[in-house]
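A.B. asks: Before anything else, here's the structure in question.
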Amino acid sequence: MTEKITAVKGMNDILPQDAYLWEWLEARVRDLMQSFAYQNLRTPIVEPSALFVRGLGEVTDIVEKEMYSFEDRLNGEQLTLRPEATAGVVRAVVQHNLLYDGPKRLYYTGPMFRHERPQRGRYRQFHQMGAEALGFAGPQLDAELILMAHGLWQSLGLQGVTLELNSLGQPQERQQHRQALVAYFELHQAGLDEDSVRRLRTNPLRILDTKNPQMQDLVNAAPRLIDFLGADSMAHFEAVQAVLSANGVAYRLNPRLVRGMDYYNLTVFEFVTDQLGSQGTICGGGRYDYLIEQLGGKPAPAVGWAFGVERVLELIKSQGLGAHPQAPDVYAVVPEMAQLPLAMKTLGALRAQGLNVQMHSPGGQSSSGPTPATTPVGQSSEPAWMQLGSMKSQIKKADASLAPFALIFGAEEVLAGQVTLKALRDGVGEQRKMPLGDVATWAKALQCELRPTGG
Ligand code: ATP
Ligand code: MG
């Protein structure tokens, strides 16, 4: 046997038994985005590395150690598999001058890539769905986005998700805080790990984002950015909180919340849960009023969030929520090859009326190359694919498919211009002869019977 090729470490196949849940969640999020008048934007998975170095900040975990970067073999261009989508969204908005006729509300979905240590809730290819509001300065957009995410958890029925909120203020306020922070950490250098000692010179705020458990006490006692905010920043922050409170959205102020990228200012937030082990952040976001300018656009404010699809789905599953895989409405039983063309034509007419139809077909295995399409000369036995299986075995397959109906194309009834519709589950055994001359009419009636609400 030839050796198998397996997927890259930390990159997962999403198998059909899970994929139905993905599609279900994606549909819910799409509905939510549309209900808030957000429009879809799709950007490439590969971007120039400079986009992330400049956008996310050189001294961040992502840029320092998590990017999948490579050189284009033809022109030597430095490229990176996107580790997040905000920088790409901003690049596209700037490149296509999307803000020329006013602000935009956008959303996206897709795979992201980070070279991290794979573990529960942390993968090298993972997926995000995110929303970005570009060109708006007011706190109502920060609040709108938080309400949107909160509404999503509620509509999914998720329990135990907490909102953490902080304000990072404006650059000059951060500058003052930075001095206090550096003074504090210099005094406590012995408690810093290697990364943090380096960051003390380059990006001291990053130290607050450390995942090192031994540094938590030190970090908790550090000067708080919130204490350095001026009146305007405080007013913005309080306006966000007022909307949240009026909407019954509970939140916890967390002065240590700094987020993993440098582009944030003012409001930052995360939705966290204690039900996913140490990978408890399901969604993160905030305001990034300087990123558009930093990436070459006309200065414009913006705010957004992204949630991790894998983590949200794990939470959905662990709480017994979500959709169930859908069985076909009709399983077509075709005992003989002679009836196959007519059967397949009829099934098309059923699908045109909105019915989900699965046709019986025997499986096949190629043990030594593909099954010959024709019988070899001198052999009289039919090739395996011609043996469709007995009526009884096909009905058994129909039952196993969980379809509520079997549609039986027996030779005799087809000759009489009919086909048998057999109820399989509730009302087992009930059989009706349906005319082949007028499939659309009864197929439509059947569709209404199966989906009375029109879903
Ligand atoms: P963490 O602190 O867990 O590393 P982060 O701050 O790096 O998260 P963001 O860049 O804010 O994460 O991305 C938003 C969301 O994407 C996270 O809250 C999380 O749900 C998800 N996410 C981030 N990295 C991964 C990953 N490697 N695997 C799976 N999901 C991830
Ligand atoms: Mg991270």
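A.B. asks: Residues that are under 22 Å from the mean Cα position of the chain (by Cα) and not hydroxyl-bearing (Ser, Thr, Tyr): does the range 326-342 have at least one?
C.D. replies: Taking the range 326-342 first, the residues under 22 Å from the mean Cα position of the chain (by Cα) are 326.
Narrowing further to those that are not hydroxyl-bearing (Ser, Thr, Tyr): 326.
Yes - at least one qualifying residue is present in the range 326-342.
A.B. asks: Continuing with this model, one more query. Mind listing whichever residues of the range 31-42 are out of contact with any strand residue (DSSP E or B) (no Cβ under 8 Å at 6 or more places or on another chain) and open to solvent by 70 Å² or more (accessible area, probe 1.4 Å)?
C.D. replies: Taking the range 31-42 and keeping what is out of contact with any strand residue (DSSP E or B) (no Cβ under 8 Å at 6 or more places or on another chain), we get 31-32, 34-35.
If the condition is that a residue be out of contact with any strand residue (DSSP E or B) (no Cβ under 8 Å at 6 or more places or on another chain) and open to solvent by 70 Å² or more (accessible area, probe 1.4 Å), then Asp31, Gln34, Ser35 are the ones that fit.
A.B. asks: Which condition number does Glu194 fail, the rest of (1) surrounded by 13 or more Cβ atoms within 10 Å (Cβ to Cβ); (2) of a type in the set (Asp, Glu); (3) over 20 Å from Asp289 (Cβ atoms) being met?
C.D. replies: Of (1) surrounded by 13 or more Cβ atoms within 10 Å (Cβ to Cβ); (2) of a type in the set (Asp, Glu); (3) over 20 Å from Asp289 (Cβ atoms), only one is false for Glu194: (1).
A.B. asks: Among the numbered criteria (1) in contact (Cβ under 8 Å) with a residue 12 or more places away in the chain; (2) closer than 21 Å to Val303 by Cα; (3) surrounded by fewer than 20 Cβ atoms within 10 Å (Cβ to Cβ); (4) not polar (S, T, N, Q), which one does His96 miss?
C.D. replies: (1)
A.B. asks: Hey, can you tell me all the residues within the range 43-76 that are more than 16 Å from ligand 2 (Cβ to nearest atom), open to solvent by 30 Å² or more (accessible area, probe 1.4 Å) and out of contact with any helix residue (DSSP H, G or I) (no Cβ under 8 Å at 6 or more places or on another chain)?
C.D. replies: Of everything in the range 43-76, those that are more than 16 Å from ligand 2 (Cβ to nearest atom), open to solvent by 30 Å² or more (accessible area, probe 1.4 Å) and out of contact with any helix residue (DSSP H, G or I) (no Cβ under 8 Å at 6 or more places or on another chain) turn out to be Ile45, Val46, Pro48, Ala50, Phe70, Glu71, Asp72, Arg73, Leu74, Asn75, Gly76.
A.B. asks: Of Leu79, Leu21, which residue is of a type in the set (A, V, I, L, M), more than 16 Å from ligand 2 (Cβ to nearest atom) and outside any strand (DSSP E or B)? Explain how you work it out, then say what you get.
C.D. replies: Numbers: Leu79 fails: outside any strand (DSSP E or B).
Only one candidate passes the filter, namely Leu21.
A.B. asks: Which numbered condition in (1) more than 18 Å from the chain's Cα centre (by Cα); (2) more than 12 Å from Leu145 (Cβ to Cβ); (3) within 14 Å of ligand 1 (Cβ to nearest atom) is the only one that Thr281 fails?
C.D. replies: Of the numbered conditions (1) more than 18 Å from the chain's Cα centre (by Cα); (2) more than 12 Å from Leu145 (Cβ to Cβ); (3) within 14 Å of ligand 1 (Cβ to nearest atom), the odd one out for Thr281 is (1).
A.B. asks: Would you please list the contacts, defined by Cβ atoms under 7 Å and residues six or more apart or on different chains, that run from a residue in the range 13-42 that is on the phi < 0 side of the Ramachandran plot and aromatic (Phe, Trp, Tyr) to a residue that is part of a loop (DSSP other than H, G, I, E, B) and at pLDDT 95 or above?
C.D. replies: So the pair list comes out as Trp22/Ile14.
A.B. asks: Select from the range 99-122 the residues that are in contact (Cβ under 8 Å) with a residue 40 or more places away in the chain, within 14 Å of ligand 2 (Cβ to nearest atom) and open to solvent by less than 50 Å² (accessible area, probe 1.4 Å) and list them in ascending order.
C.D. replies: Listed by number, the residues that qualify are Phe113, Arg114, Glu116, Pro118, Gly121, Arg122.
The values are calculated or read from the model by the stated rules, or taken from the named source; none is laboratory data. All figures in this text were calculated on a predicted structure; none of them were measured in a lab. Cβ coordinates were reconstructed from backbone atoms using ideal geometry, including for glycine residues, and neighbour counts include every protein chain displayed. Ligands, DNA and RNA are stripped out before the accessible areas are found, and what is left, the full protein with its side chains, is counted by its heavy atoms. Shrake-Rupley method; radii C 1.70, N 1.55, O 1.52, S 1.80 Å.
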